Amino acid sequence: MQKFLDNPLEVQRDILAKMVKSAACTEYGKQYGFKFIKTYEEFKRTVPIREYESLSPYIQRIRNGEQNVLWPTMIKWFSKSSGTTDSKSKFIPVSFESINDNHLKGGKDILSWYCHCHPESQLFTGKSLRLGGSSSVNSINHESYYGDLSAIIVENLPLWAEIRTTPNQRISLMPEWETKMEAMANATIKENVTSLVGVPSWMLVLSKHILKKTGVKTLKEVWPNLELYIHGGVSFKPYREEFSKLVGEGDMVYTETYNATEGFFAVQDSFPSKGMLLLLDHGIFYEFIPLEDFNGEESNAISLNEVELGVTYAMVITTNSGLWRYSIGDTIRFVSLEPYRIEIVGRTKHFINAFGEELMIDNAISALEVASKQTGASVKDYSAAPVYMSDKNTGGHEWIFEFNTAPNDMEVFAKVLDDTLKEVNSDYEAKRYKNMALHFPVIHEARPNVFYDWLKLKGKLGGQNKVPRLSNSRTILEELLELNAQ
């Protein structure tokens with residue numbers, strides 16, 4: 001780790017050169033002349049930026065059993081996209097190099113940084129409770145497998161890691177979420193759990209189930225030696241207060257990771273810390289597109305040495321699984337350049353920009369944090385979409401919230417939300433001026449478990465599945481409102 005901290009740009013150049021050389025004889029490498037590429041500038045000029053739809057035909061052929069298409073070594077694992085729920089799943093190839101040199105290596109880095117910052121830790125005297133997805137055989141052939149990334153990692157854990165985690169592999173890979181939750185509770189209650197690993201929304205569901213089952217008020221009463229929660233997948237800000245109540249008194253460290261379907265990108269390297277350390281020697285070469293210039297596959301990307309503080313970038317990755325200049329769909333911002341630390345801002349597709357307001361997820365998180373604090377609320381889940389203009393009415397935004405604790409005054413909550421969005425987003429403020437383009441936001445309070453019921457209806461319970469927070473389409477919001485009325 002110290003090497004890429006000291007020589008970040010050199011390490012990134014070496015990573016790219018190694019991958020291009022390794023894949024020169026693949027079909028994709030021959031198509032784009034990898035054997036003639038010697039510099040980043042040649043790579044950038046020769047190899048196009050791709051979104052999933054463009055790479056999908058190559059991936060489908062690998063799923064059908066062909067090899068040496070995108071990557072030279074055998075690909076038998078495919079990580080099924082299970083983040084923000086779309087109607088169409090993505091299947092991301094996962095090579096053995098990616099498992100060992102990216103995902104497992106990233107996991108070891110988390111533990112290394114944590115123990116470096118907390119030398120008094122007793123983490124390894126107990127077990128880590130892991131909360132992941134499920135895995136199943138690819139229906140196309142019997143040599144390829146797909147599942148949530150977490151399930152693929154479970155299938156490939158080294159022995160030393162397997163014996164320090166709970167529950168066992170059989171329970172961890174149960175496909176039916178509600179059955180698995182009960183089995184997990186039964187298997188872990190009597191263990192000496194010292195750490196938790198999983199997406200906050202689903203870890204909250206499991207934690208509450210365990211507290212109800214044991215009849216105690218805090219997780220520290222169940223697991224007195226609990227000291228660390230490793231989380232990722234969504235912003236932790238809306239969940240921190242709720243977790244603090246559930247954990248109870250005593251020291252507890254929350255560490256953030258950026259571990260997506262496509263790769264393990266960043267970890268928190270100090271406590272407390274603003275941003276996460278970008279992992280530069282983990283089989284991934286990074287490029288960045290300023291969001292204001294983002295134009296899909298026609299965008300112009302820059303390398304790490306050109307990035308600036310405070311600019312929102314769409315991230316482009318080249319990986320040791322054969323994703324070449326792949327636009328991942330996430331947006332990030334650098335909070336430090338020495339070392340390179342980032343924070344997740346949102347998605348290139350999951351935002352509201354129906355009227356030029358460019359409302360991003362970080363705007364929503366900031367506004368909800370202020371609105372919740374001022375009204376005593378605790379938000380469990382939410383989603384928003386545009387209200388389109390008509391002949392008689394201006395446009396607007398419509399929100400649905402499920403609360404752990406409802407606001408003491410819903411009108412004040414809505415006003416603070418609106419006012420804060422104006423403060424953090426000048427485009428939103430301009431469109432809200434005298435209600436000329438956007439009217440005051442419409443707010444709905446959801447009944448308990450509406451978001452859970454929606455995910456269940458879609459077959460998306462557990463894992464890293466979550467409802468999109470912001471969408472330019474009203475489809476998901478309309479489905480949520482319909483469920484809420486039942």
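The values are calculated or read from the model by the stated rules, or taken from the named source; none is laboratory data. These numbers come from a predicted model, not from an experiment. With ideal geometry, Cβ positions are generated from the backbone for all residues, glycine too; neighbour counts draw on all protein chains shown.
Numbers below:
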| read-out | value |
| --- | --- |
| Any chance residue 27 is among the charged types (D, E, K, R) and more than 19 Å from the chain's Cα centre (by Cα) | yes |
| Qualifying residue in segment 104-122 (condition: among the acidic types (Asp, Glu), modelled with pLDDT under 95 and touching a His at 6+ places or on another chain (Cβ under 9 Å)) | yes |
| Selection from segment 1-37 of residues that are touching a helix residue (DSSP H, G or I) at 6+ places or on another chain (Cβ under 8 Å), basic (Lys, Arg), surrounded by fewer than 16 Cβ atoms within 10 Å (Cβ to Cβ) and modelled with pLDDT of 95 or more | 21, 35 |
| Residue 187 vs. criteria surrounded by fewer than 19 Cβ atoms within 10 Å (Cβ to Cβ) and in contact with a Pro (Cβ under 7 Å, 6 or more places away or on another chain) | yes |
| Of the criteria (1) at pLDDT 90 or above; (2) surrounded by 17 or more Cβ atoms within 10 Å (Cβ to Cβ); (3) basic (Lys, Arg), which one residue 347 fails | (1) |
| Residue tally, condition crowded, with 20+ Cβ neighbours inside 10 Å, more than 19 Å from the chain's Cα centre (by Cα) and in contact (Cβ under 8 Å) with a residue 40 or more places away in the chain, over segment 445-475 | 2 |
| Subset tally (residues that are surrounded by fewer than 24 Cβ atoms within 10 Å (Cβ to Cβ), touching a strand residue (DSSP E or B) at 6+ places or on another chain (Cβ under 8 Å) and among the polar types (S, T, N, Q)) for segment 260-287 | 2 |
| Search result, residues across segment 86-98 that are surrounded by fewer than 18 Cβ atoms within 10 Å (Cβ to Cβ) and either in a loop (DSSP other than H, G, I, E, B) or modelled with pLDDT under 90 (or both) | 86, 87, 88, 89 |
| Residue match in segment 333-342 (condition: in contact (Cβ under 8 Å) with a residue 24 or more places away in the chain and over 29 Å from residue 111 (Cβ atoms)) | no |
| Segment 292-312, subset modelled with pLDDT of 95 or more and either within 16 Å of residue 361 (Cα to Cα) or β-branched (Val, Ile, Thr) (or both), residue surrounded by the fewest Cβ atoms within 10 Å (Cβ to Cβ) | 302 |
| Single match in 101, 109 (criterion: in contact (Cβ under 8 Å) with a residue 24 or more places away in the chain, within 28 Å of the chain's Cα centre (by Cα) and buried (at least 19 other Cβ atoms within 10 Å of the Cβ)) | 109 |
| Segment 373-393, subset over 25 Å from residue 479 (Cβ atoms) and in contact (Cβ under 8 Å) with a residue 24 or more places away in the chain, residue surrounded by the fewest Cβ atoms within 10 Å (Cβ to Cβ) | 376 |
| Residue under evaluation residue 41, criteria (1) exposed (fewer than 14 other Cβ atoms within 10 Å of the Cβ); (2) closer than 30 Å to residue 142 by Cβ, criterion not met | (2) |
| From 338, 343, residue being more than 19 Å from the chain's Cα centre (by Cα) and in the same structural domain as residue 303 (by TED's automatic domain parsing) | 338 |
| Filter pass, residue 273 being more than 20 Å from residue 150 (Cα to Cα), part of a strand (DSSP E or B) and in the same structural domain as residue 97 (by TED's automatic domain parsing) | no |
| Subset of segment 263-305 (residues that are over 30 Å from residue 252 (Cα atoms) and of a type in the set (Ser, Thr, Tyr)) | 286, 299, 303 |
| Matching helices (runs of 4 or more DSSP H) fully within segment 13-80 where at least 3 residues are under 17 Å from residue 145 (Cα atoms) | 52-63 |
| Residue in segment 360-377 that is within 23 Å of residue 451 (Cα to Cα) and assigned to a strand (DSSP E or B) present | no |
| Scan of segment 47-64 for residues that are of a type in the set (Val, Ile, Thr) and touching a strand residue (DSSP E or B) at 6+ places or on another chain (Cβ under 7 Å), ordered by number | 49, 59, 62 |
| Flag if residue 204 is modelled with pLDDT of 80 or more, farther than 29 Å from residue 95 by Cβ and under 27 Å from the mean Cα position of the chain (by Cα) | yes |
| So residue 119, is it in contact (Cβ under 8 Å) with a residue 40 or more places away in the chain and either within 27 Å of residue 296 (Cα to Cα) or exposed (fewer than 13 other Cβ atoms within 10 Å of the Cβ) (or both) | no |
